[in-house]
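The values are calculated or read from the model by the stated rules, or taken from the named source; none is laboratory data. Predicted model only: the values in this text are computed from it and were never measured. Here the Cβ positions follow ideal geometry from the backbone for every residue, glycine too, while neighbour counts run over all protein chains shown. Please note that ligands, DNA and RNA were not included when accessible areas were found on the heavy atoms of the full protein model with its side chains. Shrake-Rupley method; radii C 1.70, N 1.55, O 1.52, S 1.80 Å.
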Amino acid sequence: MEKKVREPGAPVVQFALLDDILNLARANSLWPMTFGLACCAIEMMAAGASRFDLDRIGAGVFRPSPRQSDVMIVAGTIAKKMAPVIQMLWDQMPNPKWCIAMGNCSISGGPFAYEEQYAIVPGAHLIVPVDIVIPGCPPRPEALIQGLLALEDKITKGEGRNLLRRFKRVSGGVN
Amino acid sequence: MSEGLLGSEWFRLILGLLIVLAFSQLNALFLVWLERKVAGHLQLRPGPMEVGPHGLLQTIADGVKLVGKELILPFKADRKLFFLAPVMVFMPVLVGFLVLPFSRGLIIRDMNVGVLLVFAFSTITVLAILTGGWASNNKYALLGAVRSVAQNVAYEIPLLLAVLSVVLVVHSLSFAKIVEYQKTVWFIFLQPLAGLIYLIAATAETNRAPFDIPEAESELVAGFHTEYSGMGFGLFFLAEYTNMFIVCAVATSLFFGGWNGLFGISLGIPGVFWFLLKTYFLIFVIMWVRWTFPRVRFDQLMNFSWKVMIPLSLANIVITAIVVKII
Ligand code: SF4
């Protein structure tokens, strides 16, 4: 079991069974925000299209409005000018919400992080709380799917508790 | 209370209401799943697959998730109207179920103004959309709402004119009478133009692509429901699909013979199945259209209604009136 951290906005009184059911539903319907920053976003689009099809695991409903999305996929380089916008989008999303940092740029600045650089924010974790990181430049769509599955396992607190899932992930993940 | 509780009017009404509520929810859940499956298969991908067999539990997971989401009231939004709009959008579509002729005896209430009632109440949906867009206090939501009103005003006219040409032939506004009239020949064969105009206008009325400019993602974020989170958005979503069912059910009973089989051949299948079969086929066609055609531009949309559909439906109604008079 992970250590329990109270999310901002989470209820103080919690009911275990209800929580489990809600988490199961949340994990299986992660709606990402239609939002990309740089080259990694192209891979995100590919993951949503026919060949990889995020919709199979219920994560293909890319919502245009942050009010209706559950997960923000920070896909690409975070320019200094873009950082406040990303923060605002994050604030506009209703709880519970998650963030995936996709690609080296949003993990640590990637190829643009050198000494005395002035243009980018080296890492999405500096502006929003990141749940899952997906390394790669760019990560392949399979990697994004792997990351989403890992996020699902994080939400249900362990792969074994995701009762709706009908397959096993080969490796990795919480639990 | 002479005829007892079971036969009383109130009991029938409450039972009808409960059945309608349950049916509309289940139907909406099924339609959302169907939409995603149709979209998937039209784009050479499987659609929802892993949550339940063939993704059948997907929409239930979505629904539970939406209930569990935080409801955000935007800063400076109109509190009362903001929460009233999603409720208001769902109410009129329920009223529509009252007069739908599922089968010969299976109408909750066969009113002699049934057709009028459905279309009168369906306009409340537009009002709800306008309320929602206005109360959100967001420029995109307001623009989406205004577009929705303009579009609905433009398409209500050909829709009603198309329906009127059917009514002129039958001399009745009751659904049961209209369906009874199509025992041998469906109205789509007698009034092909009216049927086509009805289907196009109905697609626009329910804000479906290619006429979904009130929620055009590429221009307006998410249109009138930009600011709605959680179940507020969920209700708009459910209402859209229930509305789609109503529109297609009305099309079935007005143009596709309702509970009658093709050319009077019913093959011994009960009328309800004919009715539902045709309705769901029409819904499938509307989904098919959505995932095939790109979204039209706003001026194209308005021009198409005012310059093509309205003159055509007017001409159709005049010709129908003359023919009915002569025969
Ligand atoms: S990680 Fe690589 S592919 Fe992704 S945005 Fe940065 S430079 Fe582009």
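How much length is gained if the chain between B:ARG109 and B:ALA150 is pulled fully straight, taking 0.36 nm per residue apart and subtracting their Cα-Cα distance, in nm to one decimal?
Numbers: separation 41, 0.36 × 41 = 14.76 nm, distance 3.23 nm.
Answer, rounded to one decimal: 11.5 nm.
Label separation (A:ARG51 vs B:PHE281): 3.9 nm, computed from points 7 Å beyond Cα along the C-beta direction.
When the charge dipole of the protein assembly as shown is built from unit charges on Cβ atoms (+1 for Lys and Arg, -1 for Asp and Glu) and taken about the Cα centre, the candidate among A:VAL133, A:ILE145, B:ALA321 whose Cα reaches farthest toward its positive end is B:ALA321.
If only the Cβ of Lys and Arg carry +1 and only the Cβ of Asp and Glu carry -1, the dipole of the protein assembly as shown around its Cα centre is close to 360 debye.
First measure r as the distance between the Cβ atoms of B:ILE124 and B:LEU73, then evaluate 1/(1 + (r/R0)^6) with R0 = 35 Å and state the FRET efficiency to the nearest 0.05. Don't skip to the end; give the middle numbers.
Working: r = 23 Å, r/R0 = 0.66.
In this case the efficiency is close to 0.90.
First check a/c for the stretch B:173-327, with a ≥ b ≥ c the square roots of the eigenvalues of its C-alpha gyration tensor; if it is under 1.5, answer rounded, and if not, answer prolate when a/b is larger than b/c or oblate otherwise. If you can, show how the numbers build up before the last one.
Numbers: a/c = 2.64, a/b = 1.44, b/c = 1.84.
Taking the square roots of the gyration eigenvalues as a ≥ b ≥ c, the stretch B:173-327 is oblate.
Between A:TRP98 and A:VAL71, A:MET72, the built amide H atoms are under 5 Å apart, and every one of these is 5 or more places off in sequence or on another chain.
From the helices alone, meaning DSSP H stretches of at least four residues, give me the mean residue ellipticity at 222 nm for chain B, per-run term -39500 (n - 2.57), in deg cm²/dmol to the nearest 500. All intermediate terms of the calculation are to be shown ahead of the outcome.
Details: 14 runs with 219 residues, N = 327.
For chain B, the value works out to -22000 deg cm²/dmol.
So, R0 is 41 Å and r is the distance between the beta-carbons of B:LYS139 and A:ILE42; what FRET efficiency does that work out to, to 0.05? Display every interim value, and only then the final one.
Numbers: r = 30 Å, r/R0 = 0.73.
Efficiency, from the Cβ-Cβ distance: 0.85.
Along the stretch A:64-80 the Karplus relation, 6.51 cos²θ - 1.76 cosθ + 1.60 evaluated at θ = phi - 60°, assigns HN-Hα couplings of x, 9, x, 5, 10, 9, 9, 10, 9, 9, 7, 10, x, 6, 9, 6, 4 Hz to successive residues, with x for each Gly and Pro. What the phi angles of the stretch B:317-322 give under the Karplus curve with 6.51, -1.76 and 1.60, with θ = phi - 60°, is a coupling list of 6, 5, 4, 4, 4, 5 Hz, glycine and proline written as x.
If you rank A:ARG51, B:ARG12, A:ARG165, B:ARG109 by how much accessible surface each has, with a 1.4 Å probe, what is the order from largest down?
Highest to lowest solvent-accessible surface, that is A:ARG51, B:ARG12, B:ARG109, A:ARG165.
The Cα atoms of the stretch A:74-124 give a gyration tensor whose axes a ≥ b ≥ c have a/c of 1.5 or more with a/b no greater than b/c, which makes the shape oblate. Annotation: extensible slack from B:LEU26 through B:LYS80 equals 16.6 nm (criterion: 0.36 nm per residue apart, minus Cα-Cα distance). Distance from the alpha carbon centroid of the stretch B:62-106 to that of the stretch A:93-115 works out to 37 angstrom.
Give the average, rounded to an integer, of partner chain Cβ atoms located within 10 angstrom of each Cβ in A:47-53.
Values: counts 0, 1, 3, 5, 2, 1, 8.
That average works out to 3.
Taking square-rooted eigenvalues a ≥ b ≥ c of the alpha carbon gyration tensor, is the stretch B:54-160 rounded, prolate or oblate, where a/c under 1.5 means rounded and, failing that, a/b exceeding b/c means prolate? Judged from the Cα gyration tensor, the stretch B:54-160 comes out oblate (a/c at least 1.5, b/c at or above a/b). Rounded to the nearest Hz, the phi-derived 3J(HN,Hα) couplings of the stretch B:284-293 under the Karplus curve 6.51 cos²θ - 1.76 cosθ + 1.60 (θ = phi - 60°) are 4, 4, 5, 5, 4, 4, 4, 8, 10, 9, where x marks glycine and proline.
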